[in-house]
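Okay, structure first, notes after.
The values are calculated or read from the model by the stated rules, or taken from the named source; none is laboratory data. Predicted, not measured: the structure shown is a model, and the values here were computed from it. Please note: Cβ atoms are built from the backbone with ideal geometry, for glycine as well, and neighbour counts cover all protein chains shown. With ligands, DNA and RNA removed, areas are computed over all heavy atoms of the protein, side chains included. Shrake-Rupley method; radii C 1.70, N 1.55, O 1.52, S 1.80 Å.
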Amino acid sequence: ISVSPVSILGMRRADVELEEVSSLLDSSLSRLVHRFDAYGVHCCTERQAVLLVNYSLYVAVGIILWRSRVIHPFKLFGTMLHELSHGLAAILCCARVSGIELHSDQSGTCHWSVVKSRLGCVQNFVVPAGYLGSVIWAGSILICCASTKASLAVTLLLLVLTGIMLFYALFGRDDGQDSILLYLCLSIIAVLSGVLYLCHFTEWSHRYLLLKQFLLLSAAMSTLDATRSLLDDCVLKVEPGSDAVKYADMKIGRTVCFQNPQVVGTVWFVFACVTLSVCLWMLLWMTYESTEKDLLLTDGLSPYAIRTLSVSATVLVLAACYRWFCSAKKWY
């Protein structure tokens, strides 16, 4: 078989062009990595990859169990954060909070009052604080999963906030409906106290692993509940008594577009997505260690990473088995 000089020359030119393209890609990726390093974005070390995988698996668990009774306590916890955010916003605006209610259908009410001359101004902060505040709380719990000290701190903070909610459940205003805030607060206090007891008063080797996995599961369920509630109640369809409707009805100082509840809900949903993305980036930034081996360059995972991933994978398998064998409701 004879090959003409023109063909050989064309093949050499193609090889040269391929080498130039390869070197250009290498230099571009190198510049991109250096640019990420300049902005403090480092991914992915083993700790970061394990956290991302665990968080994704727990979100998948929430999606699988969304319509089942198993996840109901986490939904009630999300509603509690929602009403707590209303109450904290009212207190920060110097309003009076007379009671907080929570019902078994995942609805809730925060009773607050303020002088009539300041009502319009205070409503601008209190009404959107429910959905937006619950998103911020969920993102804060997620960020605190970065270290053991932060995990212990946020657990203590949740314990204190639950104690405040317990005070309102005992002595606050109650309209006589099926409020389950008292039982929820007692359950949360029992669980958090038990986890803290294991961390501070026992020598169990896996006590901090249990703490971080519990907080990461709670953060995943809370983020899913906050975004899904916004999407269901304020964007895809507008519930008559939702906060988006109340905010849109306050027409003083509103443009025409913000008098539409779906527009308000969409803006809140975008805020929630951006906030959770920033919190996830902060989680990766806080868990980065320059001396830690890169996951892509290792021959295998560390024993701690294997144990951590085994917990979330087991929870996912159990959730899938429950939905497949024990629940007749449709998925998600």
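First check a/c for segment 116-191, with a ≥ b ≥ c the square roots of the eigenvalues of its C-alpha gyration tensor; if it is under 1.5, answer rounded, and if not, answer prolate when a/b is larger than b/c or oblate otherwise. Taking the square roots of the gyration eigenvalues as a ≥ b ≥ c, segment 116-191 is oblate.
Just the number, please: carbon plus sulfur as a percent of the accessible area of segment 154-290, 1.4 Å probe, no ligands or DNA/RNA counted.
Details: 4800 of 7190 Å².
On segment 154-290, the fraction of accessible area on carbon and sulfur atoms equals 67 percent.
Of the cross-linked pairs Lys75/Lys212; Lys75/Lys149; Lys75/Lys237; Lys116/Lys237, those separated by over 29 Å at the C-alpha level are Lys116/Lys237.
What the pair-distance distribution of segment 161-282 shows, using all Cα-Cα distances binned every 5 Å from zero, is 2, 9, 12, 12, 13, 17, 15, 9, 5, 3, 1, 1, 0 percent.
Accessible area per residue for segment 40-144, computed on protein heavy atoms with a 1.4 Å probe, is 38 Å². Highest mean packing first, where packing is the average number of other Cβ atoms within 10 Å per residue, the peptides 181-190, 219-228, 312-321 line up as 219-228, 181-190, 312-321. Computed from point charges on the beta carbon alone (+1 for Lys and Arg, -1 for Asp and Glu), the dipole magnitude for segment 169-228 about its Cα centre is near 260 Debye. One equal scatterer on each Cα of segment 47-168, no solvent, Debye formula: the resulting log10 I(q)/I(0) at q = 0.10, 0.12, 0.21, 0.22 Å⁻¹ is -0.38, -0.54, -1.25, -1.31. Residues in segment 187-242 average 45 Å² of solvent-accessible surface per residue, probe 1.4 Å, ligands and nucleic acids excluded. Proximity of backbone amide H atoms, modeled 1.01 Å from N, is registered between Trp66 and Tyr332 at under 5 Å, excluding neighbours fewer than 5 places apart on the same chain.
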